[in-house]
Structures are given as structure tokens and as C-alpha cells.
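Engineer: Shown below is the structure under consideration.
The values are calculated or read from the model by the stated rules, or taken from the named source; none is laboratory data. What you see is a predicted model; the values in this text were computed from it and never measured. Ideal geometry is used to build each Cβ from the backbone, glycine not excepted, and the neighbour counts take in all protein chains shown. Accessible surface areas use protein heavy atoms only, side chains included; no ligands, DNA or RNA. Shrake-Rupley method; radii C 1.70, N 1.55, O 1.52, S 1.80 Å.
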Amino acid sequence: MALNDFFAGEIATELLKMLISISRKSLLCRASADQLISYIHDLLPSIEEIKYSGVELPALRQSQLDRLSEILRSGVELSHKVLSSSRWNVYRNLQLAKKMDKLEKNVSKFLLGPMQAHMLADIHHTRFEMTERFDRVDNSVQRLEKYFGNMKIGVGGGGWVEEAVRSVDEDVVDSSSAVGLGFGKNKVREMVVGRDDLWVVGISGIGGSGKTTLARELCKDDQVRCYFRDRILFLTVSQSPNVEQLRTNIWEYIMGNERLDANYMVPQWMPQFECRSEARTLIVLDDVWTLSVVDQLVCRIPGCKFLVVSRPKFQTVLSYEVELLSEEDALSLFCHHAFGQKSIPLAANENLVKQVVTECGRLPLALKVIGASLRDQTEMFWLSVKNRLSQGQSIGESHEINLIDRMAISINYLPEKIKECYLDLCCFPEDKKIPLDVLINIWVEIHDIPETEAYAIVVELSNKNLLTLMKEARAGGMYSSCFEISVTQHDVLRDLALNFRNRESIDERRLLVMPKRENGMPKEWLRYRHKPFEAQIVSIHTGEMKEVDWCNLEFPKAEVLIINFTSTEYFLPPFINRMPNLRALIIINYSATYACLHNVSVFKNLSNLRSLWLEKVSTPELSSIVLENLGKLFIVLCKVNDSLVEKEVDLAQVFPNLFELTLDHCDDLTQLPSSICGMKSLQNLSLTNCHNLTELPVELGKLRSLEILRLYACPYLKTLPNSICDMMRLKYIDISQCVNLTCFPEKIGRLVSLEKIDMRECSMIRNVPKSAVSLQSLRLVICDEEVSGIWKEVAKPDNVHIQVSEQYFDLDWLKE
């Protein structure tokens, strides 16, 4: 096939039509499709010139063009698959994106190789100037590369995660999850606002009936907010509550959000004379399991009212019992998640849809999960699910286990890899936010998948309502830290995952987890202490543990160890020494104060460890430890205690292959050690919310591999070292809320790869160096209005977007 047959014939027309359809159909691919349309239009004149040049190509070069035409024809077939793929099927879209990536490489190879070096050279001698021709092809190749680059997820999750988080926000705005709760909200509001004689009221109902949704809707109600003047505290209690911490949170809020002294003892019965104000306050206690916890947290305080949300109905608490949805509301909620609208589409089988809704038992959670699992599926698939649902018992108030069984049908229809990833979620404590970074690292290590695929699975599970993505206000950009995006899961869905995982014998389970906090090692684990466990993931959840509390358990196949605890002292389990395959270690302390770790010598034997997450602990000394294969280190809400800046600690030797380092909310970090400048493999350095960090190493610019530098909310940082201008690979720098930072380095224009600058709330920076005009890769600057005018003068208006930010203050992390 000749080149003119390919471009002037049916393929060019068909390809353009498909791209126009993609642009109209897919919000996610619209920009990419428009770019590719532009690419083809730009290249067509060149092809027409070749077509009418009259030059006959040699056989070898003609065969090369025939091969190119075959590759592009396969690209047309692939585009058909992209068009037919649902935007909700993110996992399939990832597989298609990989194939598109391969296609892009093949096309680029031809455009940059034989086509450019031979064919265009011949045409040049007969028709045109070579420079003009090569410029056109180069521009087309760049557009093509950018098109395929945008289809990938990219660093930090990119478009798919951002769209999934946005869809959750849209659901909140639309209040789709609050369908049918109007009557219940009126009843509870009457008890909370209209009954001065009640100081504690409740909401009760079976799991998945919408209790928490009702409580959150009540907190957003204008009448309630006005009555309590927005003094509303929402706390999640859970099955394994830290009662002392919860009582402290309540008392601090009532006292006016003052941080209590470490030695202050919260009174068992909070006396009236200790209250500084009788301002009305609403305290919501969600997911309460026992009356004894209610007795410990609730007491009579002037102006204060408690709302207790629980599955059981406590006799001493006047409660509203959540009713099942009406048939009309149940159908509306189901259709929202199955079809994206509130009614049955004309093309759907109305009778079949109503049968499935009936089998969901009018429970909101079942309607959301099963509805989402059926989205974009065939009628035969729907019929199969309906038949499976109809085989079980009806869901009623005394049949919570049947709710789990019915939602298990949705899990069984997931692709195997996605199902395994979903079941891994139960290894985290109930009602706790899971940082997305932690989850992604586990999946990458356990399932041997790339990060892009792991992100796609997160979005797929979110779309199916099997998890919820939550974000901070600043999250979601191309280079955002995943710590700003968290995952949460309904406790019924966690119970469902545990139910799946616990079907095997304890010593044979792939995931071994303590479902709630224990005082020591579970007795059922100890029964198997004489034989090795098969678990790949081990999740521990305890209080304080001393050396004598541990037993000699064997986990030879463990690749992930998650240690959750609530204590100020913690002896790390000795069996870590006998985990030769451990690749990810997560240590999280949920107590109010920092924990001191003991037995840190176990780190010496973790030669295969690739990812380490430390949270709310005093960082151990590292001088005698070498973690040769560690790639990612996260130190969050920790006391550094100079463990990183001691003279005998050479970070480049301790972590010779580290490529990502995060220090977040480390208040006692005042400076970075100079040895960090020797970490040649470091690509991502995040120093965020380190409020006492005053200076960076002078030679920081030696980090020549660094691509991301995040210095968000370091208020005492006054200067950036001039050497950062030597970071030729740096793509993104974030200096937001560095309120005492006065200027950029004068030679910032040398950062030829810099794409994005985030400098919101940097009030001391009043000018931009003249060299900034040389930032040839810069595409986005986020800044305050006062500085935006200066950037508009320096930056090229056609290439750089200046985004004026809005000030945002978020203290929600203090409630955790």
C-alpha cells in the first residue's frame, strides 16, 4: 500500500471521525483527542506534498512505509476499542493505554528514523526546503508524544485519580447518597434542636442502612449549624476505640480548642465549673459499639449535646432507628450508581432492574455497591447477578450476614487482580484513613504491578463504591503527594473483605490480620506457633508491647508487615529478623503522643526492604543501619530527635538507593544534614509542614536526579540555596506557605526541565528573577494575585498558565 493510499483514503477519514467522537464522548481524553486531531491536520499538508511530488520511492523505503501503514491501521483498530470502552472501566482503559503507548513508540520510531532520515530527504531534493519539512514532522511527533503522555496516569496518579476524587465531590454536592433520608433528618433534628430536656440522643440501625450518612447530613443542615453556631465536632469511635484520646479531643473542643498540657488529667465527670463557655456544642460520636464506651464519653455539660450513632439501640439513649428506603427512593439510588441517572433508562430491561433492586433489600450500601458493579454490563450479566442474589435469604434487620453475602456477589465478579487488591484493604484498622501512598506501595510490592496499574485499580474500586477517595484541598495535581489523598472504607465492606480472607486456615491465609486492637498476640495465632505461616501480608494491631509479650512466630513468606499500635512505648516484634522477603514495613502509632521504638536493631536484617513508613514515633538512630534496597522512606508526624543530622550519620550510605524521601509534620526538624546531598538516586524530596525548618544544605543542588522538590508550609525557611539551579531534571517545585521566603535564586532560568511552580501564600516574594524568562519547559505557575502580574510579564503567555490561588486553611489533621 502506498503512502498516498493510506493518508488520502479511508483510514485518514475514519481516524479523524474516531478522534472527534472521542473528543465528544470522553472528558478524560478530550484534550488528548483534540491534540491528535491537530497533529493530523498539521501533518496532512506534508503528506499531500509527498503525494503529488511525482517522486517514486526505492523499494526498501516503500516497504518501510508499508510497514508504517500497517502499524497505523492497527492503531485504528485500537482506537475502536478505546471508543467502545466505558469511561468507568478504568482498569481496561489502563490496558488500552499500555497498547497505545506501544503504538506511540512504534510510530515515533518511524517518524524519527527511516521516514525522517530517508524519505523526507528525497522529497527535499525535489520539492521543498529540508528545514521546513523537519520542523513540521518534529512538531507533529511532539504532539503525538504529548497525546500518549496524557493518556498515561503519570506521577502521583494524574488524571484518573483526580477525576475519581472529583466524582466523589460531585456526589457530595448532588447529595445522591442522602436519598430517602429527609424524614429521618427531620426526626433527629427535632431531637437535637427542639428538645432542651435531652442532652444525649442517638441514631441506630443495621450496618449499611445509612446511619453515618444521616449524621453527616444533619451536621450540614443550616438550622442545626445556626443553632450550634457551627460548633460541631464529629468523631469516629470504632470497635477498638482509644477512649482516653477521644475524651481529650472532646474536652479540648469544649474548652475552646486549646491544646492541653501533657500532664493535664481530663476529669472522669467533666464538672460545670471547668467549662469556660456555655456555648452550644454538638458532639457526634459515630460508630459506637458498646454502652460502656457511651458511659465513658458522654456526660452532662451545659450547652453541650451528644449524638450517638450505633448499630445497637442503647436503652439509656433516646434513638431514631433508621428505616429502610422506600421502593421509589431505593430505585432512584440504585439507578444513580448503575446508570448515572435517577430513573431507569428506556433501553434497559425495566423488570430486571426492579428485580435486582428488590434483592438489594432497600439498603443504601447494597444498592450502591451492587448498582455500581452492574454499570455498563450486558443484560446477560445482569441476569446472572439477579439469579445469584435471589438464591440467598432476604435482607432484614436480623440478617446483617446476608447483606455481606449479597455484596460478596459483586466481589466475585471482579477481575482476579482487582479482587485481590480489594481484599487487601482489610489489613488496615477500621474507620482509619489510609494514605494512598501506603496502599499503592503495598500493591506494587505484593502484586508485582506498576504504579500506574495500582492507581487504576484504586479508581476502579472507587467507581464501584468499594472504597472512598478523600483529599485535602491542595491535592490532585500532577505532582501532588499521595499523602494528601486518602482512602476510607465502610466497616461493612471491611467485614466483607475479612469474611473472604478468613475462609482458609490461619496458617494458610495469604493475609493474616488482627481485625481489632488486641492486648497481645491473638490466641488463635499462638496455636500455630510451631509451624511457619504462609501469609504474604501480616497486619498487627495492639496496645503497648514489651519483649516478653511476643512469641517466636515464623513468617518466611511475608512481604508486607503493618504494625498498628496505641502506646508511648513499643518493642518491635523479634520475628522481623526472620522475614527475609519483607519489602514493605508500615509502623503507625495512633496514640496522642509520640512513641519510642525499641529493638530497632531488627532493621539491620531487612536487606530486601523497599518501602518504610514511620508515623507518630521518635525516629530511631540510623548510624549503624544500612538499608541497601530501600527506595521510599516516609517519616510522618515524627520526632526526628536529631537522628538525621548527627555527624556520624551519612544518609547516602544508610540509604544508597533511596529515590523518594518524605518528611511531613516533623516539628523538631530544624535543618537537613549535608549528607543528603550525596544521595545520587533521589528523585522526590518532600519536606512539608516542618514548621521549624530554617535552612537547607548549601550543596542541595548536587541532587542532580531530583525531579520533585516540595517545601510546602515551612514558615521559617528564609532562603533557597543557589545550587538548586543546577538541578537540570527538576520538574516541580512547591514553596507554598513558606511565608518568610523572600526570593528565588537569581539563576532560576537554568532549570530547563521545570514545568510547574506552586508558590501560593508566599507573601514575602515580590519579584521574579529576570532569568525566569529562560524557563523553556514551564507550563504552570500557581501564585497569589499580588505576584501574578509579575509572572505575566516574565512568562511567555502562549506557553505558561498563571493560576491565581485562593487562600485555604485546613486544620482537619489535628483531629486525627
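Engineer: Among the residues of region 343-377, count how many are open to solvent by 10 Å² or more (accessible area, probe 1.4 Å) and touching a residue at least 40 places away in the same chain (Cβ under 8 Å).
Structural biologist: Total meeting the criteria: 8.
Engineer: Here is a further query. For region 565-598, enumerate the residues that are part of a loop (DSSP other than H, G, I, E, B) and open to solvent by 40 Å² or more (accessible area, probe 1.4 Å). I'd like the intermediate steps shown before the answer.
Structural biologist: Here is the first cut: in region 565-598, the residues part of a loop (DSSP other than H, G, I, E, B) are 566-568, 572-573, 579-583, 590-594.
Answer for region 565-598, where residues must be part of a loop (DSSP other than H, G, I, E, B) and open to solvent by 40 Å² or more (accessible area, probe 1.4 Å): 568, 580, 581, 590, 592, 593, 594.
Engineer: I'm checking my understanding of the structure. Among residues of region 445-495 that are surrounded by 20 or more Cβ atoms within 10 Å (Cβ to Cβ) and part of a strand (DSSP E or B), which one is modelled with the lowest pLDDT?
Structural biologist: Looking at the filtered set, the residue picked out is 485.
Engineer: For region 190-209, how many residues are in a helix (DSSP H, G or I) and open to solvent by 50 Å² or more (accessible area, probe 1.4 Å)? Give the derivation first.
Structural biologist: The initial filter retains those residues of region 190-209 that are in a helix (DSSP H, G or I), namely 190-194.
From the residues that got through so far, the ones that are open to solvent by 50 Å² or more (accessible area, probe 1.4 Å) too are 190, 194.
So the count comes out to 2.
Engineer: Within region 504-513, does at least one residue satisfy the condition of being in contact with a Phe, Trp or Tyr (Cβ under 9 Å, 6 or more places away or on another chain), part of a helix (DSSP H, G or I) and open to solvent by less than 20 Å² (accessible area, probe 1.4 Å)?
Structural biologist: Yes, the conditions are met somewhere in region 504-513.
Engineer: Which pairs do you get when a residue that is part of a helix (DSSP H, G or I), found in region 661-674, comes within reach of a residue that is at pLDDT 90 or above and of a type outside the set (Val, Ile, Thr), reach meaning Cβ atoms under 7 angstrom, with the pair 6+ apart or on two chains?
Structural biologist: From region 661-674, the pairs are 674/697; 674/699.
Engineer: Filter region 210-239 for residues that are of a type in the set (Lys, Arg) and under 27 Å from the mean Cα position of the chain (by Cα); which is least open to solvent (accessible area, probe 1.4 Å)? Spell out how you get there, then give the answer.
Structural biologist: Residues of region 210-239 of a type in the set (Lys, Arg): 211, 216, 220, 225, 229, 231.
Then drop every residue that is not under 27 Å from the mean Cα position of the chain (by Cα), which leaves 211, 216, 220.
Details: 211: 23, 216: 118, 220: 99 Å².
Ranking the qualifying residues of region 210-239, first place goes to 211.
Engineer: Next question. Identify, please: which residue in region 295-342 is of a type in the set (Phe, Trp, Tyr) and touching a residue at least 60 places away in the same chain (Cβ under 8 Å) and is, among those, farthest from residue 209 (Cα to Cα)? Explain how you work it out, then say what you get.
Structural biologist: Filtering region 295-342 for residues of a type in the set (Phe, Trp, Tyr) gives 306, 314, 320, 334, 339.
Subset that is touching a residue at least 60 places away in the same chain (Cβ under 8 Å): 306, 314, 320.
Numbers: 306: 21, 314: 17, 320: 13 Å.
Only one residue tops the list, namely 306.
Engineer: When you scan region 651-666, do you find a residue that is under 27 Å from residue 719 (Cα atoms), modelled with pLDDT under 90 and open to solvent by 50 Å² or more (accessible area, probe 1.4 Å), even just one?
Structural biologist: no
Engineer: Only one residue in 601, 539 is polar (S, T, N, Q) and free of Cβ contacts under 8 Å to residues at least 24 places away in the same chain. Which one? Let's see the steps before the verdict.
Structural biologist: Working: 539 fails: free of Cβ contacts under 8 Å to residues at least 24 places away in the same chain.
Unique residue meeting the criteria: 601.
Engineer: When you scan region 773-788, how many residues do you find that are over 14 Å from residue 732 (Cα atoms) and out of contact with any strand residue (DSSP E or B) (no Cβ under 9 Å at 6 or more places or on another chain)?
Structural biologist: Result for region 773-788: 3.
Engineer: Can you tell me how many residues in region 787-808 are surrounded by 15 or more Cβ atoms within 10 Å (Cβ to Cβ) and either part of a helix (DSSP H, G or I) or of a type in the set (S, T, N, Q) (or both)?
Structural biologist: Counting residues in region 787-808 that are surrounded by 15 or more Cβ atoms within 10 Å (Cβ to Cβ) and either part of a helix (DSSP H, G or I) or of a type in the set (S, T, N, Q) (or both) gives 6.
Here's the yes/no breakdown for (1) touching a Gly at 6+ places or on another chain (Cβ under 7 Å); (2) under 18 Å from residue 754 (Cβ atoms):
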residue: 686; (1), (2): no, yes
residue: 701; (1), (2): no, yes
residue: 716; (1), (2): no, no
residue: 721; (1), (2): yes, yes
residue: 730; (1), (2): no, yes
residue: 735; (1), (2): no, yes
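Engineer: Quick check, is residue 437 at pLDDT below 90, among the acidic types (Asp, Glu) and either over 14 Å from the mean Cα position of the chain (by Cα) or open to solvent by less than 30 Å² (accessible area, probe 1.4 Å) (or both)? First the steps, then the outcome.
Structural biologist: Details: at pLDDT below 90: yes; among the acidic types (Asp, Glu): yes; either over 14 Å from the mean Cα position of the chain (by Cα) or open to solvent by less than 30 Å² (accessible area, probe 1.4 Å) (or both): yes.
For residue 437, the condition - at pLDDT below 90, among the acidic types (Asp, Glu) and either over 14 Å from the mean Cα position of the chain (by Cα) or open to solvent by less than 30 Å² (accessible area, probe 1.4 Å) (or both) - is met.
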